[in-house]
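Student: Next up is a structure, given as structure tokens.
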Amino acid sequence: MAQIELKHVSKKFKDDVVIEDLNLTIKDGSFTVLVGPSGCGKSTTLRMIAGLEKQSGGEIWIGGRCVNDTAPGQREVAMVFQNYALYPTMTVRGNIEFGLKNKGIGKQERQTLISDISEIVGLTPHLDKKPQNLSGGQRQRVALARAMVKKPKVFILDEPLSNLDAKLRNQMRTELIQLHKRLGTTFVYVTHDQMEAMSMGDEIVVMDKGMIQQADSPLKLYHDPVNLFTAQFIGTPAMNVMNIRDVQGLELEAADRVGFVGFRPEQALIGVNKNTEGYCLEGEIITSESLGAENIYQIKTGSGVFFVKTFLESLVKTSRVSVVIPYEHLYYFQSDGERIREVYIRSQQLVSAGGL
Amino acid sequence: MKAANETVGIPAKGAVIGGSMTVVRKKQAAWKTAVNVILQAANVICLLALVLIFALPFVWMISTSLKTMPETMIFPPEWIPSNPVWHNYIDAWNTGPFLKYFTNSVIIAVGILILQMATIIPAAYAFARYQFAGSKLLFGVVMVTLMIPAQLIFLPVYLELSALKLLNTHLGLILPFASSAFGIFLLRQAFMQISEELIEAARLDQASEWKIIARVMVPLVKPVLVTFTLFSFIAHWNDYFWPLVMTTNETARTLPLGIAKIREVEGVATWNILMAGNLILVAPILIVFFFSQRQIIRAFVYNGVK
């Protein structure tokens, strides 16, 4: 068990600054997910924690110990790689045992540890097989077992599910969550998939261009994004954003200049009665997808093209619709992307009356 | 006729009359199989011809080694001697201290191989995996040595070893080949194919660099190592030039020199004894090759786990 602290960490590859002045505390026992588009520095951050990459500046602390000059093997960190990185010439048993042998653990104890762990991940019948004779899911389990058996203070997982098919991925996702509950160890998980991040993490760190955009709980990220990037990155479909120039009939009063107005597709209402208080948009349905429980519409309006998502409602058949977004569900951002919270709508009545 | 054509699948004249689409198609298919059969036959004939070209000298060698001296001169040659003279092998063995030559050859070929393994594996790993100052330059130097023929530098090397009093010793025959540029190159390419994550995983498993080489990397390039072993063993087992330069007496003389000496025994070339000696020379190589064929083929077919 350990808390991880990154203090003013930076990373340069030659002249390329990948990460600049990163400060992050990963709580002891948390399931922290680093998420962001590719090239945002999330994997580099993870590799620096593991010690596979040396930071150019700053300090990394694991469990109250500065590990700047500690070799990867001495950091009490275990890692699961994207392509599992199993030793192809060793059996499943050999793979799990390798780390224990290097640690100098006696044969008797190794046997007990291996049989315990393979029981947990369901590998007992496959212990004497080579990795190439295993399925993707089984390899994944070997990688997990190899990491778990060392009883590390920190688990590091680098996109461990991206090589699995959709069904297996969901299954392993649940298993990983259960595993975290059971072990209570700190998990640091990297993914580019925000759905995966939302469903697994209890703490999510959204990164972009080597900087932390926001680190919060999944719900906080969804309901209270601090900037435009997080707002658009979290949620499927992404938050709809209008440039203030395209917004008509909305008089706003705020300390800072509003650059963008956004709303979540699932908070917009289609074809409700006109009494609903909110910003109203008139548009035309371009496409509609029905996924059973939910419908997603693409609607073209005078202010741009938006997505709207409805739940457990029948599919809207008409082509021209009016969409109402309740005022409390509008998000405002400065032109540099910063969120503005204190915004007053000056002419509410006028908007809905004069509006369309 | 049509029915027969269907079952046999060879173009028959009767089928042409049918004229319907299926018949035309059948005819085409039949032609295809016929062409395939011819191509396959041609292929086999070509391969047989190739085998003949390579095998003929070898077969001739075996045949000659079992003949009497006058029989070797008969024209046209008699391929299978009517009375095989097995005694030729014993005669060849007895022309000189062959046991001594044989042990010398084994000590030298194996000694070279062990030293080469000890040097090329770490060197190839370093060239493949580490970025250090001058690594590219050093690798360039290694590659350049591949292009220098032994005959070009044998004199300075000879003088050097002579100054070290290593003439007529096993060490003098082993040391100049203690490393191999070819081996370093071959192994470096193989190491470079291995994913970096595997090494990282081993580092996280607290493995030292030596352990990573021994337990993770080397087992993965085993086919390449077997191939290199074979190349190196054959080259040094058969080497004639360097032992000729380095030896003046029997203490370190190797098999190829011993065989060559057979020619000089009676002033006339006793081809039958010479060929028997040659067979003694190549037998160990054939045995090694026989046992490692599968590994050699695998060395050229990269297989990795994804």
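Student: Give the distance, in whole Å, between the Cα centre of segment B:53-115 and the Cα centre of segment A:1-53.
Tutor: 69
Student: Further question on the same structure: Using the Cα centre as the reference, give the magnitude of the dipole from point charges on the C-beta atoms of segment A:134-197 (Lys, Arg: +1; Asp, Glu: -1; all else neutral), rounded to the nearest 20 debye.
Tutor: So the dipole magnitude of segment A:134-197 works out to roughly 420 debye.
Student: Continuing with this model, one more query. Of B:Asn272, B:Ala49, B:Met61, whose Cα points farthest to the positive end of the dipole of chain B (charges on the beta-carbon: +1 Lys, Arg; -1 Asp, Glu; origin at the Cα centre)?
Tutor: Of the options given, the answer is B:Ala49.
Student: Please work out the Cα center distance from segment A:62-112 to segment A:234-298, rounded to the nearest Å.
Tutor: If you average the Cα positions of each part, the centres end up 50 Å apart.
Student: How far apart, in nm, are the 7 Å Cα→Cβ label points at A:Lys129 and B:Leu146?
Tutor: 4.0
Student: Could you point to the residue in B:Pro70, B:Ile121, B:Leu138 farthest towards the positive end of the protein assembly as shown's charge dipole, with +1 and -1 charges on the Cβ of Lys/Arg and Asp/Glu respectively?
Tutor: After comparing all options, I get B:Pro70.
Student: What size of dipole, in debye to the nearest 20, comes out for chain A about its Cα centre when the only charges are +1 on Lys and Arg C-beta atoms and -1 on Asp and Glu C-beta atoms?
Tutor: Charge dipole of chain A: 1500 debye, to the nearest 20.
Student: Straight-line reach from B:Lys27: which aspartates and glutamates fall under 14 Å, measuring Cα to Cα and dropping same-chain residues less than 8 apart?
Tutor: Within reach: B:Glu6.
Student: How big is segment A:50-182 in terms of Cα radius of gyration and Dmax, in angstroms?
Tutor: In order Rg, Dmax, the Cα atoms of segment A:50-182 give 15.4, 47 Å.
Student: Lysines within cross-link reach of A:Lys107: Cα-Cα under 24 Å, excluding same-chain residues under 8 positions apart?
Tutor: Candidates past the 8-residue exclusion: A:Lys129, A:Lys130, A:Lys150, A:Lys151, A:Lys153, B:Lys211.
Student: Further question on the same structure: State the extension gain, in nm to one decimal, for the chain segment bounded by A:Glu294 and A:Asp246, taking 0.36 nm per residue of separation less the distance between their alpha-carbons.
Tutor: 14.4 nm
Student: Below 8 Å, C-alpha to C-alpha, sequence gap of six or more: please give me the relative contact order for segment A:238-352 in percent.
Tutor: 37
Student: Label points 7 Å out from Cα along the Cβ direction at A:Met195 and B:Ala133: separation in nm?
Tutor: The answer from the label model is 5.3 nm.
Student: Still on this model: Below 8 Å, C-alpha to C-alpha, sequence gap of six or more: please give me the relative contact order for segment A:196-286 in percent.
Tutor: Across segment A:196-286, relative contact order equals 16 percent.
Student: If I model a spin label at B:Phe241 and A:His223 as a point 7 Å from the Cα along the Cα→Cβ vector, what separation in nanometres do I get?
Tutor: 8.3
Student: Next question. How large is the helix-only mean residue ellipticity at 222 nm for chain B, computed as the sum of -39500 (n - 2.57) over DSSP H runs with n ≥ 4, divided by its residue count, in deg cm²/dmol to the nearest 500?
Tutor: -22500 deg cm²/dmol
Student: Let me ask something else about it. Within straight cross-link reach of B:Lys136, meaning Cα distance under 21 Å, which lysines are found once same-chain residues fewer than 8 apart are removed?
Tutor: Partners found: A:Lys14.
Student: Here's a follow-up. Rounded to whole Hz and in sequence order, give me ³J(HN,Hα) for segment A:194-210 from the Karplus expression 6.51 cos²θ - 1.76 cosθ + 1.60, θ = phi - 60°, writing x for Gly and Pro.
Tutor: Using θ = phi - 60°, the values come out as 5, 5, 4, 4, 4, 6, 9, x, 9, 9, 10, 10, 8, 10, 8, 6, x Hz.
Student: To the nearest 20 debye, what is the magnitude of the charge dipole of segment B:96-261 about its Cα centre, counting +1 on the Cβ of each Lys and Arg and -1 on the Cβ of each Asp and Glu?
Tutor: 240
Student: Looking at segment B:215-254, which chymotrypsin sites (Phe, Trp or Tyr not before Pro) are in a loop (DSSP not H, G, I, E or B) and have at most 16 other Cβ atoms within 10 Å?
Tutor: Answer by residue number: B:Tyr240.
Student: What residues from segment A:163-206 fall in the zone where the backbone N is under 18 Å from a label point 7 Å along the Cα-to-C-beta line of A:Thr25?
Tutor: Residues A:186-188, A:202-206 fall inside that zone.
Student: Can you tell me the orientation of helix B:271-299 relative to chain B, as the angle in degrees between its alpha-carbon axis and the longest Cα principal axis, to the nearest 10?
Tutor: With rounding to tens, the tilt is 70 degrees.
Student: Where does helix A:166-183 land angle-wise versus the long Cα axis of chain A, in degrees 0 to 90, nearest 10?
Tutor: Result, in degrees: 70.
Student: Please report the relative contact order for chain B, taking Cα pairs under 8 Å with a sequence separation of at least 6, and give it as a percent rounded to a whole number.
Tutor: About 26 percent, as a whole number.
The numbers here are math on the coordinates, done by the rules we state, and not lab data. Please read these numbers as outputs of a predicted model, since none were measured by experiment. Cβ coordinates were reconstructed from backbone atoms using ideal geometry, including for glycine residues, and neighbour counts include every protein chain displayed.
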